[in-house]
Amino acid sequence: MSTTGQFSTKSPTIKRILKESQELTLHPSPDFAASPLESNLFEWHFTLRGPPSPSPYASGLYHGRIVLPPSYPLRPPSFRFLTPSGRFEVNREICLSISGFHEETWQPAWGIRTALLAIRGFMDSESGGAVGGMDADEGVKRRLAGESGRWRCRECGRGNEEIMKEQEEACAERGGGEEEKVPEELRLGYRDQLGEGQAKGEDGGKKEDGPEKNKSMVDAGAQKRERETETTAAIGGVRAPQAIPAQMPVRPQQQRPVQRHPQQQATVQAQVRPQTVDTAWLDKAIIGVAGALAFMVLRYLFL
């Protein structure tokens, strides 16, 4: 029994949900089927094929649930896989850039079709520790893929093979059948997520020692100061010169004259004068002795 009459068709959210349901019916995809439950327009069930070979999910058919928030499409839906796959945990909300875990990356222009295309293309990537993800061995993934066609949903009352067989018939009837591609903006988003996961893994395996880490921090600080100096100089139009410590001029030490009292000056003069008199007397004595010697020599020669 349909519940469309229980909701106001004037609501933008209800209009959007009914429009997407009609679009998926008129333009079916060979890779997935999706429709709201008859008892609840805000809960959808989907069945999708695994990514093409050589993916280990290539032969798999996977069933899951989509829960739309009351403010859809302003807020993203949430997704759960019900069929075991080895890639996602069973009946646990998965973390994707298009899910409720990352509302900041969701775009209201996206819809159920876009989300299912993205999930199908995202299955071959590694979980990277994301919520709801897992990384089973490739052999386990291939085994689960082979068993997935016989899986049946209790709420839908149908199996995956039955659902996809009806989808193939609808594609043949309405002219569908071409494989759809993931939008480029979602491809870029997943590529960025994978890069972040790998970077975190590498950082987790490499830890710097204390001295090396401190050294790198010091070097980084020096480089930052150098860049700031160059930037400031570039703004001013002149390269900043290297700082040279200023040298203070050295003043010659002044010698203060020694002040002497009058008594000290008289004593010094008295000491100088006797020395002068004694020296004159000694000169005269030497001259007298020399003259006497000369007289005696002459007298001895002529006598």
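Brief remarks follow.
- Calculated FRET efficiency, residue 37 to residue 124, Cβ-Cβ distance, R0 = 45 Å: about 0.95 to the nearest 0.05.
- For the stretch 64-142, the fraction of C-alpha pairs farther apart than 14 angstrom is 61 percent.
- Put simply, the Cα atoms of the stretch 1-155 extend 50, 34, 25 Å along their principal axes, the longest span coming first.
- Among 20, 169, 104, 147, a tally of other beta-carbon atoms within 10 Å of each Cβ gives an order, fewest to most, of 104, 169, 147, 20.
- Backbone amide hydrogens, once placed in the peptide plane, bring residue 133 within less than 5 Å of 89, 95, excluding anything fewer than 5 places away on its chain.
- Here 150, 113 are placed in order of increasing Cβ neighbour count within 10 Å, fewest first, which gives 150, 113.
- Along its three principal directions, the equivalent ellipsoid of the stretch 1-82 from the Cα gyration tensor extends over semi-axes of 27, 13, 11 Å, largest first.
- Order of 281, 110 under a 10 Å beta carbon neighbour criterion, fewest first: 281, 110
FYI, it's all coordinate maths here, none of it is from the lab. Because the structure is predicted, anything quoted here is derived from the model rather than measured. We place every Cβ from the backbone using ideal geometry, glycine too, and count neighbours over all the protein chains shown.
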